[in-house]
1. Within the bounds of the stretch C:33-46, is there any residue that is away from chain B (no Cβ under 14 Å), free of Cβ contacts under 8 Å to residues at least 40 places away in the same chain and more than 21 Å from the chain's Cα centre (by Cα)?
2. Taking helices (runs of 4 or more DSSP H) that do not extend beyond the stretch A:192-309, which have at least 3 residues that are of a type in the set (A, V, I, L, M, F, W, C)?
3. Which count do you get for residues in the stretch B:9-31 that are at pLDDT 85 or above and buried (at least 20 other Cβ atoms within 10 Å of the Cβ)?
4. So, in the stretch A:264-305, exactly how many residues are in contact with a strand residue (DSSP E or B) (Cβ under 9 Å, 6 or more places away or on another chain) and charged (D, E, K, R)?
5. Check whether at least one residue in the stretch C:194-202 is part of a loop (DSSP other than H, G, I, E, B), farther than 22 Å from C:Gly78 by Cα and in contact (Cβ under 8 Å) with a residue 60 or more places away in the chain, and report yes or no.
6. Of B:Gly133, B:Gly150, which residue is surrounded by fewer than 20 Cβ atoms within 10 Å (Cβ to Cβ), more than 23 Å from B:Asp350 (Cβ to Cβ) and not polar (S, T, N, Q)?
7. Would you pick out the residues in the stretch B:34-46 that are farther than 21 Å from B:Ile74 by Cα and at pLDDT 90 or above?
8. Looking at A:Glu205, A:Glu246, can you tell me which residue is of a type in the set (Asp, Glu) and either closer than 21 Å to A:Arg300 by Cα or buried (at least 18 other Cβ atoms within 10 Å of the Cβ) (or both)?
Amino acid sequence: MSAPASASAPAAPLAVRRYRAEPAWVPWVFLAPFLLTFGVFLIWPLVQSVVLACQQTFGPKSTAWVGFANFSFLLHDPLFWKAVRNTALFAAGSVFLQLPVSLGLALLLNRPGLRGRTIFRLIFFAPSLVGLVFVGLLFSLIFAPRTGLVNTVLNDFFPAFDPEFPWLQVYVMPALILAALWLYAGFNMVYFLAALQGVPEELMEAAALDGAGAWHRFRHIVLPEILPVGTFVVLMSLLGSLQLFELPYILLNGPGADNRGLTIVMYLYDNGFVTGDLGYASAVGWVLALVMGSFAFAQRWFNKRQEES
Amino acid sequence: MSAPSRLRAFFAVTTPAVWVLLALALGAAGLIAARPGARSTGMSHWLFAKGHVAVYTPVFAKWNAEQPTEATRIESLLIDGPALERRMLSAFMSGTPVADIVETERSMACRAFTGPLEDVGFVDLTDLLKAEGLMDKINAPSFAPWTSRGRIFGLPHDVHPVMLAYRADLVEAAGIDLSKVETWAEFFQAMRPLMADGDGDGRPDRYLLNFWPNNRDLMELLLLQAGGGLFDADERVAIATERNAFVLANLATWCAGPGRVTVDAPDFTAAGNTLRLRGVVVAALMPDWLAGIWKLDMPDLGGKLRLMPLPAWEKGGRRTSVVGGTMLGITKASKDFETAWALAKRLYLDPEVHAAFFKRTTIIPPFKSSWEHPAFAAPDPFFGGQPSGTLFISQAADVPMRPASPYNLPALARVNEVLIALAERAAREGISDPEVLLPDARARLAGAQQRVEKMISRNVFLRETPPAR
Amino acid sequence: MSLTNAQRQKLLLFPVYVALTAAGIFTLIPFAWLVCAAFKTNADIFAFNFLPLGDGFLGVDWGRLTLLNFFRLFRELGIGVALTNSIFLAATSALLATFCCSLAGYALAKFRFAGRGLVMSLVLAALVVPGSLLLAPGYKLLYDLGLLNSFAGLILPGLTPAFGVFLFRQAMVNAVPATLIESARIDGAGEFRIYFTIVLPLVRPMIGAYLMITFLGTWNNFIGPQIVLQDPQSFPLSVAINQLRGLYGTDYGLIMSGTLVSIAPVLALFLLLQKEFIAGLTSGAVKG
């Protein structure tokens, strides 16, 4: 926009001489690493995965065209639906147990006049630094029957509690949800805490003077303010839950008894990298991507509607 | 600006973390670059069983001393089982590096048979085994797990007959006589008194057998003992059989409901071993290899255990079974098949190695002429002086066949789901009579059969290469 | 009146402290258990939940604690190799990704050029592609490129995550005034010089945060190295420690000390960067 001006505007020769336009190549150079990796490691595999999803393979070398057979087998495979059910259960646990805990912690930490906020925040956040692999290792011992921390402590306090309580054999999902609660509650708390900082204090004080109860203040002042962040956190934990793999894989050393810890991504992994059917794995990947995409779409739609109203 | 402040300004441009990470990255890169390029020019061997290492080390040392050049010397590497499986399959499917000879377990090896026959990463040894007359010298059931579509892809390492090991100290203290016991029903009947609740916590202090519905291997073991199983001799699915239904209905009542006699004490876990050491488990299904592992992991049990043939399902029935299994395969990627084959024979066919192996691991070889070796008749202090070798060998001929299929694991998983469902029902409805569960077992097994058949029919690679029979 | 008000305030805060402390203890217990187990013999792990009791200081038998687990880990099992690999992979990935993402983010935030809208929508589209969809075709791609079983096969695909580009663009749109860049150009500064001396210092918190995000992500990545790397010499801790469990599953002390070695460096880095990290983490959600 400045180039034609410099050619034909004698009125401002000084400015033109001193003003150096941004060279057109610069942004492209800066974008080069992104565009390159984007093309090679995202676009190309995506295109490939469409082809792969219609093939049966034994490793990357042996392939055979099967059309939509992968999808039709997948959608009729009770094992896949079991994985879907487990994953959905975990996602529900994350949203309905973990997020309220996170919000609760954030509300507690946000109390005016509280001391030691930084240290509490540090403590609650620390577990989320531990990778899922290591959490799996740790909790596989914590949940062990008879010798694990959970069962020994519960049995010490309540002798009626079965020291053989089969967390990792039968109560797999509660065990996973508890481990995830420990892991992520502090992480999501940080988001809520940041959002709560945006709640205008005068408004809260005014409401308190008007005699509004705590619930009323939360419902009508706090909640609308943190709703956008809230839907973002719900979406993030939904998308994360849908891709659950390492935690049950390490915790149970595989899908577990009766596939009680089988998740969608574990199903994908087992098919793609253990039996070598990268084609089938791609088909599973596409189904998962569609589900995740629709959740993301729903969140955007919801936020837009909120803004409009 | 002075030089130091310039320097400070340079570093202050961004967060100190950048410089910390840069130093870490460069330091680590230096350490990685300084590593000796370990890639040797000789032969390589992978194994997953920790207990085998001590036996092979002197064999390899002797071999290496005999070799004139580096090229035929061997280096052995111990790898965690699932990792070995992954590396091996990755090599077969994607050409990543792999050892010349690979020792692998039954459940890993059958994965290699999923694709087209020509894509199996192991060299087909069938003709060589026949030419060298090895087929007759090796206990026949030992070949079954390494055979796909009629071709044999490995040299068998073992027989793995199963006996019952029980805590003689506890059994004798309770005044129980097991010498007349022939069947499972008699066994549990005789052992019942041991399930008393001495400490008054409302639960039995001891359980009679180590078995749990989620333990697929032990479930398969008991199915095979009874003459059931997953596949027939032609590698066709044979899940929905009356025999399987009978066994599963019984197993469900063993571990759930008012008639529960078993406990979950998984092997290879500290929790399971603790239960064994505390005497919570009175008896265990004991393949020869597990005896060796117990000796290492739980020396405190020494002298307290005795072996007996498995109780049969019916009077006169089979008194043993089979579980686990290892083979040595030569990979197609090997540069030097002749040397690999010579090495394989040195490791697997030498009676002295067999004897050394037995002393270390209590595992008996499938090579029949080695069974005469005096090492196998020696009294075994871990089992109170019983000759464990002779006892296991006496069961070898009766070990059931178990045809290999790449779908062994999914099939086993489907059948296991049936058992878990039956056990849950037994627990929920308080069922102790297997007859009640039988119709349910039949129906569920029929469903499992259908699912496995459907899964196999999906595999176009197996379809293209029908069994070479 | 004001005194009672302050007292009332304090009294109201008391249950808050109780609740927070209880939650804090629950959070810390697994860590405490881990640390205690790492320094105990296997017999003591089963005998005591936390520290072995005895008649030493604070009623703890300190003499029973041992460094043997760590000794075995480093001397016998060579876990130092995996530690080096993890440090290399995580530090290199973090630096490269931060550099490349900040470059791309800068271009999108502060330059006007034909195609900018298209690139920006590519970035947003890439955000919603799940990683697990790319596992199978990505593996095939690495096979075709000959990058299987190499560090490059892990580092290159994560060179410029769209998420990072997005974060840096968001940060730079507000934090970097256009006039500052223009006047630097007028002074004759080169484009890279502007980027290094003016732009980067202004987004310093975001750099700290993103370094931490990528370091953490790479350090804790399991499925990637599990699929790509096949040579034990190149395994990072996540894969190596898990394999340790296969071979030494009954040795709780060894597994626990290995887990401790794996999470301690990350906790240390977090302490160094925690303020910037948390600020950067939330900026994407709160502003965007």
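The values are calculated or read from the model by the stated rules, or taken from the named source; none is laboratory data. Keep in mind that what you see is a predicted model, and the values were worked out from it rather than measured. Positions of Cβ are generated from backbone atoms using ideal geometry, with glycine treated the same way; all protein chains shown enter the neighbour counts.
1. yes
2. It comes to A:201-209, A:223-242, A:246-252, A:264-269, A:278-308.
3. Total satisfying the criteria: 5.
4. Qualifying residue count, the stretch A:264-305: 1.
5. The answer is no; no qualifying residue exists.
6. B:Gly150
7. Matches in the stretch B:34-46: none.
8. Values: A:Glu205 fails: either closer than 21 Å to A:Arg300 by Cα or buried (at least 18 other Cβ atoms within 10 Å of the Cβ) (or both).
Testing whether each residue is of a type in the set (Asp, Glu) and either closer than 21 Å to A:Arg300 by Cα or buried (at least 18 other Cβ atoms within 10 Å of the Cβ) (or both) leaves just A:Glu246.
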